[in-house]
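What follows is a single structure, written as structure tokens, with notes after it.
Computed from the coordinates by the stated procedures, all read-outs in this text should not be read as laboratory data. No experiment lies behind these values; they were computed from the predicted model shown. In this analysis, Cβ positions are derived from the backbone assuming ideal geometry, glycine residues included, and neighbour counts consider all displayed protein chains.
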Amino acid sequence: MTLPTPTLDTERLQLRPFTYDDADCLLELQSDADVLRYWDSPPWVDRVSVARFMDGCRRMAEDGSGARVAIERGADQTFIGWCTFNSWNPDFRSASLGYCLNRAAWGQGYATEAARGMLRWAFDTLDLNRVQSETDTRNLASARVLEKLGFVREGTLREDCIVNGDVSDSWVYGLLRRDWSS
């Protein structure tokens, strides 16, 4: 079953399917060591990673496992990051949320706004009961985004990531349909 990638407008943003025109901005974002310091993979070093990412976007839409959108500022159509729903399980009515924004977009509410737009779409379109998200325990800004959206911290995955020899823990957050307020 396919799951068409949505185009969504929020107050200040447009969330839209990725195009190959996004490749340079995507590589710039994903190769920034500061942006990825709490990520579960090292910064990208070449365009092969961009191609893999774009393939992943296409595969998620084709196999119906999720949707990944580019985030651009509505005022000037500047690419500022991406947001994703993946691991959609229609039987369990669950999925996972993730997002990544460039440094220039930090601290302006864009992550919360983009994630809220994706959550609204996902709860309505995918008939979800539960959305899960994980963040590195050192990433307090991401934890605040999730908590603003109504997610509840449910536990800690101890030493669940090792990137370039750096061992880290992750917090697991959950948001139930009954607790969601768009």
Task: Net dipole in debye of the chain [+1 Lys, Arg Cβ; -1 Asp, Glu Cβ; about Cα centre; nearest 20] - done: 460 debye
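Taking the alpha carbon gyration tensor of the chain, what are the square roots of 5 times its eigenvalues, largest first, to the nearest whole Å?
Working: eigenvalues 96, 87, 57 Å².
Output for the chain: semi-axes of 22, 21, 17 Å.
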Task: Spatial separation of Cα centroids for the stretch 1-73 and the stretch 106-163, in angstrom - done: 17 Å
- [ ] Find out how many positive minus negative residues lie around Ser168, taking Lys and Arg as positive, Asp and Glu as negative, among other residues whose Cβ is under 13 Å from that of Ser168.
- [x] -4
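Just to confirm the filter: which chymotrypsin sites (Phe, Trp or Tyr not before Pro) across the stretch 63-108 are DSSP coil and have at most 11 other Cβ within 10 angstrom of their Cβ?
Phe92
Can you classify the stretch 79-182 as rounded, prolate or oblate using the Cα gyration tensor, where a ≥ b ≥ c are the square roots of its eigenvalues, rounded means a/c under 1.5, and otherwise it's prolate if a/b beats b/c and oblate if not? Before the final figure, lay out the partial values.
Numbers: a/c = 1.76, a/b = 1.23, b/c = 1.43.
Oblate.
Net charge near Glu28: determine it from the other residues with C-beta under 11 Å of the C-beta of Glu28, scoring Lys and Arg +1 and Asp and Glu -1.
Values: positive: Arg103; negative: Asp22, Asp24, Asp32.
Summing Lys and Arg as +1 and Asp and Glu as -1 gives -2.
When the helix-only estimate is applied to the chain (DSSP H runs of n ≥ 4, each -39,500 (n - 2.57), divided by the residue count), what is the mean residue ellipticity at 222 nm, nearest 500 deg cm²/dmol?
On the way: 4 runs with 50 residues, N = 182.
After summing the helix terms and dividing by residue count, I get -8500 deg cm²/dmol.
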Task: Burial ranking of peptide ranges 70-78, 154-162, 23-31 (average Cβ count within 10 Å, highest at the top) - done: 23-31, 70-78, 154-162
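At a threshold of 8 angstrom on Cα-Cα distance, excluding pairs fewer than six apart, so keeping six or more, what relative contact order does the stretch 8-129 reach in percent? Working shown, then result.
Working: 173 pairs, mean separation 30.7, N = 122.
Dividing the mean separation by the residue count of the stretch 8-129 yields 25 percent.
Could you please report the charge total around Phe79, scoring K, R as +1 and D, E as -1 over all other residues with beta-carbon less than 12 angstrom from its beta-carbon? Please list the in-between numbers first.
Values: positive: Arg16, Arg73; negative: Asp21, Asp22, Asp24, Glu28, Glu72, Asp76.
Summing Lys and Arg as +1 and Asp and Glu as -1 gives -4.
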